[in-house]
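K.L.:
Quick one: this structure, given as structure tokens, is what I'll be asking you about.
The values are calculated or read from the model by the stated rules, or taken from the named source; none is laboratory data. What you see is a predicted model, and the numbers here were worked out from it, not measured in a lab. Don't worry about glycine lacking a Cβ; one is built from the backbone with ideal geometry, like all the others, and counts go over all protein chains shown. The accessibility values were calculated without ligands, DNA or RNA, using every heavy atom of the protein model including side chains. Shrake-Rupley method; radii C 1.70, N 1.55, O 1.52, S 1.80 Å.
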Amino acid sequence: MEERERLLALNVQRLVKHFVGPTAKPAVYRSYESLAWNHIRNHRFLSTNSHAVRRDIEGLIERLNMENMPEYASTMQHLCKLMLEHPKWKDHYEVDVQWSIVDFLITMTYQPIQNIRNNRLEMEKLRLAILEAVKPPLKSLPKPTVEPDVNWEALLKEDFLSLPAPNASNSSDTESNDSCFIDESESNASDEFSSPPAVLDSLTSLSLKDMAEVYELAMNYPRDSTAYVPNSNGSGSRKKNFDIMQPLTLVLKTTTPSSKWHRLPPLPQLEPPKELVRMVKAIPQPEKLLKLAHSYWWRPDLHVCVQQNNLLPLANFAIAFAQFQREDSCHMIDYPLPKTITENCMLREIIFMFFRPASCCFFIVESGRITVRDNVTVPSVTVTTLNTTLKECILPAMQSMAELQHMIAENTVLPTCGTLECFAIALRQLIQPITKRLLKFERRLLDDDDKASLIAFILYMRHDFTQLNILWHIAEQVVVDAESAPPHMRSCCLLSRLYKQMRMGRTHQKLATALLLSSMKFYCGIMDGWWRRAELEDWRREFIVERIELTDSHISISLRQLEQIDQGITVGTGPIVKEVEQCPMYQVLRRHALESAETQELLARLNRLGNMLASGHNLKQRNLYTDLVGAVCGELNEYRNDASSADLLLPTQCDKDISIPEVDWSGQAKKMNQEMSIIRNRELLSIICRSIENYEVQKQAQMLEKERVTLDDLLTGNACDLLAYIERCTPMSLLLQDMVVRVLTLLLQHRRRFAEAFTMQLYRDELQIGEHVRFLRHLMLLEADYLVYPFYTNLFRQIEKGQHWAHSSLLTMELYDIVAPHYTMAGELHLELVSKVRANTSKVYEAVDAIELVYDMELPIQRIVSADNMVLYNSIWRLMLKVKWAAWKLENLKFIRRADSRDPYAPLDLLGLTVRRLEILRFWLMYIVNSLHTHLCTHVLQAMGEQFMRQLPKCTNIGELSTMHNEYINVLAKHCLLTAEFADFRIALEQLFHLVFVLDMEWISCSNYLNKSHALTIETDDKNETLSNTSHNNSTHAMEYLALNQVVEIEMTYIRCHQMLAKVLHNLVYKGDHTFLNALEVALNTSVPY
């Protein structure tokens, strides 16, 4: 059954090669072979409908004709005809089996028209070769019937005439002899043997005399030859060549009546000469065999066998078993004889394949894959047994070694990723002990060790082969192709997947831990460079974060995106990204990179990085990788038992000597006393025992010293030393994942906290961030209103008078003169003009939007008080100026008194009522503005101003400090109603400011009509004459004012504005849950006019 499967597989391969062509790739061959096996196993071709097959054939022929391939159509028709009309099908037990075979062959084809188009020349050669192969052979001579053995030489000598000598006979004699021979034969035509010559003449081109010469020479020709060609020396009138058309009974004229003629023996068909097979005995060349692998061992045209000196029957069992299989199958199956070489050469080939894979006697290397040759073995083992052993025990490790060597060369010769380079170096370090053991076994082969056999080699390398397979399994799982991901993603994926391989319960947990610690060396180097020099030494762009220089003075540290983006489209790396982001080790490294980057960058720009490192001497001298390995080894040391605590140096014991454990020799001495009872001298016995005891103690101490791994060996990052240390600590499976993450977190956190503490002390003591924020609060939030009151009142007057006030330098100088005596930071503050359009208006509430305060801070202060924060500071400053202007304007409106009014307490006329309504409007507006001013200055700025100063000592790093200040200014902006959710309130508030401006104009207009008079002026002089002269004019102005005033419109506008503000505040408090507006909402809703 196995032989049948082998032959079936071989024929399927040949059939696929014929269909596909010789130039196809191995992957195409394999896919087509699987398709063929699927057809063979899943289809029942014996139940085929001949009519359906005929229609398929006709359809295919018609398709070929339509595709302008008539020659292929005729060839197809011809081959189908030959197949269907073959005579063997007549006696077959299965009906229409020929149709089944044709159906099977048609089904096995795959896109015939396309294959012909794509491979026109090759398909044409294949078509001609098929036609040449199916041509009918020349008709060979039929085999003669079996006849008894006849002495042809004696029989023919009796009947043939003797030949004359070549030099004695002349032409006349020859002619006379010929004529006599012919006459004699003609005279006896009535004899019973007269008919055969006529038949002979019709079937041969030679005369009887020449035939006699031919047969006589044929009898004298050596018997070992396979063919005979007669000489062409004959008479001039005869033909030079002859043919025997068919065997016949040759009859000659003789005088002996008892002679009988027999049929001629058939001559074999002429064949072209064949090249002789030359057998050459191999010349042993031991000096070359040690250095080279003989190429002729795997040549298909040569058969190499080992000459055995051993006479045992099983010494050449491989060939004997093949011969037995032939005989057992009655030579119906031609089992090929295997090639054989010595076991020593086979083992050296195996060892060679682990170092430099190449095609050799036992193995084939194709496209990076190693396979075992089919018919090669050692003399004492069958091919099947040896192939199975090689495939199961050696080939996986050999393939793993080849893949690992390729990966190591790819990532170390021209590395594109430093983390992968460290990983490849760790793999090479772990492979080195295996290569040393291979070379050690090869030394045994060179020394002709009798015990060096294949079984001994497998047992000797069993653990190493397992480790090779595990190493390749890990490497295949953790390494991402360079074409599918950028360098930083490959590094993160490598570390996260190695961390995943360290899960508790995995057999290779400790091996993965050693690889992870070795691979972390490059990342630790980058973080050390950042720690010591504040430089991101990442020219391969594989670290978690990147450094972007936005401006000359501002640098951004941002996280590299794990998704690979190509032309705006994210490549499908979603599962990898999710896997990396969920890794705890990646999260620890990402947090440290983002938080420490800012601190180190700031200290480097302030030239304080050296001061920070000098303040921590231990952190300056040690690197991160050394601390990481030492801390992990210290954690692992806790799991060691007392018996093995002396063979390794721990991080805390690197300067101490190792004490040799005491050995109890009492039992040994007692045993030796019993065995050496013949020695009566006790002193001599004690001397012998003491010398043996000292020897064993020294031997054990040497072994411990040899196998000891020091801390310096571990800190170099050698993966072998790390693996040996971890394995010797404990055989148990540990929670190495949590241990490594915990150690790494503590180390990074210690560094980060140290730098952050130094930075926060720098902010509080030297940079005085609190004073800067207080200065901004006093000036821009107008907490120091008593200082800036002259500045902004003068500004209001200039704007209202329409003067050209928008000079940033003059405004800055004026503000500096006021603030400089009280604040040292006044020189860093100046005003800038941001809108020339708004600067040309006389409306103060619009003009203040044209200016802004700019504070030139140092770079560290800018990190806390950012540009966005300054925008919010300016928004609050402008709002406060508008509220201050409204209050100032309403407070400075003088009461209106008419000049003709003698009694201020007299009943009001229509004009007096109008003036009184105007004054009531002023009081209403003053109430709203004062309520808003109280909310801003009391409930917001004064209550929350010191909140930042109280929280400042609690900040531990720059991020917290910046976040706290951002939250502080955002809360102020929100409580000042400057966020997006208070847009409706700000619109109504702008309308209210405009109403103040309109009231001011109406107030001035009323004063102009009714003569201006101070509110406290009391005219007691009796000026009747003056009053009588001006009474007419005053009455006229009064009537004009009553006709042109806008008091009613102002009242209605104010009422709607007040109602809208009250409604908005009510919704914000009770629907938006903004409880900080309760006081303002109560003040406005309890005073709504109707």
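K.L.:
Suppose every K and R has +1 on its Cβ and every D and E has -1 on its Cβ; what is the size of the dipole of region 298-479 about the Cα centre, in Debye to the nearest 20?
P.N.:
So the magnitude is around 360 debye.
K.L.:
Here's something else I'd like to know. Would you list Glu1081, Glu638, Glu858, Glu546 from the most to the least accessible area, probe 1.4 Å?
P.N.:
Of Glu1081, Glu638, Glu858, Glu546, the descending order of accessible area is Glu638, Glu858, Glu546, Glu1081.
K.L.:
Using a basic spin-label model with each label point 7 Å from the Cα along Cα→Cβ, how many nm lie between Ala409 and His86?
P.N.:
4.8
K.L.:
Can you tell which of Ile116, Phe104, Ala133 lies farthest toward the positive end of the dipole of region 1-133, using +1 and -1 charges on the Cβ of basic and acidic side chains (Lys, Arg; Asp, Glu)?
P.N.:
Ile116
K.L.:
What part of the accessible area of region 1-133, given as a whole %, is carbon or sulfur when the probe is 1.4 angstrom?
P.N.:
Looking at region 1-133 in its full context, I get 55 percent from C and S.
K.L.:
Roughly speaking, to the nearest percent, how much of region 735-788's 1.4 Å accessible area is carbon and sulfur?
P.N.:
Details: 1080 of 2110 Å².
It is 51 percent, rounded to a whole number.
K.L.:
Which value, in debye to the nearest 20, gives the size of the charge dipole of region 767-892 about its Cα centre, when Lys and Arg are +1 and Asp and Glu are -1 at the Cβ?
P.N.:
Details: 12 positive and 15 negative charges, 92 e Å.
Computed charge dipole of region 767-892: roughly 440 debye.
K.L.:
So, one more: Tell me, in nm to one decimal, what length is gained between Lys1063 and Thr793 on full extension, where the rule is 0.36 nm per residue of separation less the Cα-Cα distance? Kindly include the intermediate steps, with their values, before the conclusion.
P.N.:
Details: separation 270, 0.36 × 270 = 97.20 nm, distance 3.25 nm.
Here the answer is 94.0 nm.
K.L.:
Using a 1.4 Å probe on the protein heavy atoms only, what accessible surface does Ile455 show? Give it in Å² to the nearest 10.
P.N.:
Answer for Ile455: close to 120 Å² accessible.
K.L.:
Using R₀ = 35 Å, calculate the FRET efficiency as 1/(1 + (r/R₀)^6) where r is the Cβ-Cβ separation of Glu814 and Phe895; round to 0.05.
P.N.:
Calculated transfer efficiency: 0.65.
K.L.:
What's the FRET efficiency of Ala943 with Thr730 using the Cβ-Cβ distance as r and R₀ = 60 Å, to the nearest 0.05?
P.N.:
0.45
K.L.:
Just the accessible area for Met926, please: 1.4 Å probe, Å², rounded to the nearest 10?
P.N.:
The accessible area of Met926 comes to roughly 40 Å².
K.L.:
Follow-up. Can you sort Phe522, Phe923 by solvent-accessible area, 1.4 Å probe, largest first?
P.N.:
Values: Phe522 50, Phe923 100 Å².
Reading off the accessible areas and sorting them downward yields Phe923, Phe522.
K.L.:
Taking the Cα-to-Cβ direction at His807 and at Ala983 and moving 7 Å from each Cα, how far apart do the two end points lie in nm?
P.N.:
4.0
K.L.:
Now a separate question. Would you check the accessible area of Arg348, probe 1.4 Å, heavy atoms only, in square angstrom rounded to 10?
P.N.:
50
K.L.:
Another question about this same structure. Just to confirm, what accessible area per residue do you get for region 767-892 at 1.4 Å probe, in whole Å²? Numbers along the way, then the final one.
P.N.:
Working: 5340 Å² over 126 residues.
Each residue of region 767-892 exposes 42 Å² on average to a 1.4 Å probe.
K.L.:
Then there's this: What residues of region 356-377 lie in the reach of a label at Arg6, counting those whose backbone N is under 16 Å from a point 7 Å from the Cα along Cα→Cβ?
P.N.:
It comes to 372-377, nothing else.
K.L.:
Past 25 Å, Cα to Cα, is the threshold; run Lys521/Lys954; Lys801/Lys882; Lys889/Lys1071; Lys17/Lys125 against it and keep the listed order. Mind showing how you got there, number by number?
P.N.:
Details: Lys521/Lys954 35 Å; Lys801/Lys882 17 Å; Lys889/Lys1071 34 Å; Lys17/Lys125 14 Å.
From Lys521/Lys954; Lys801/Lys882; Lys889/Lys1071; Lys17/Lys125, over 25 Å: Lys521/Lys954; Lys889/Lys1071.
K.L.:
Could you please state how large a percent of the accessible area of region 298-479 is carbon and sulfur, counting protein chains only and using a 1.4 Å probe?
P.N.:
55
K.L.:
Going by Cα centres, region 325-370 and region 806-850 are how many Å apart?
P.N.:
For region 325-370 versus region 806-850, the Cα centre distance is 95 Å.
K.L.:
So for Arg640, Arg369, Arg503, what's the accessible-area order with a 1.4 Å probe, most first?
P.N.:
Of Arg640, Arg369, Arg503, the descending order of accessible area is Arg369, Arg503, Arg640.
K.L.:
Give, in nm to one decimal, the length gained when the segment between Lys843 and Thr389 is fully stretched (0.36 nm per residue of separation minus the Cα-Cα distance).
P.N.:
This chain segment gains 153.5 nm when fully extended.
K.L.:
Right, here's the next one. Using a cut-off of under 20 Å, list every residue of region 382-412 whose amide N is near the label point 7 Å from the Cα of Thr371 along the Cα-to-beta-carbon line.
P.N.:
383-403
K.L.:
Output needed for region 426-511: three equivalent-ellipsoid semi-axes, defined as square roots of 5 times the C-alpha gyration tensor eigenvalues, in descending order, whole Å.
P.N.:
35, 15, 9
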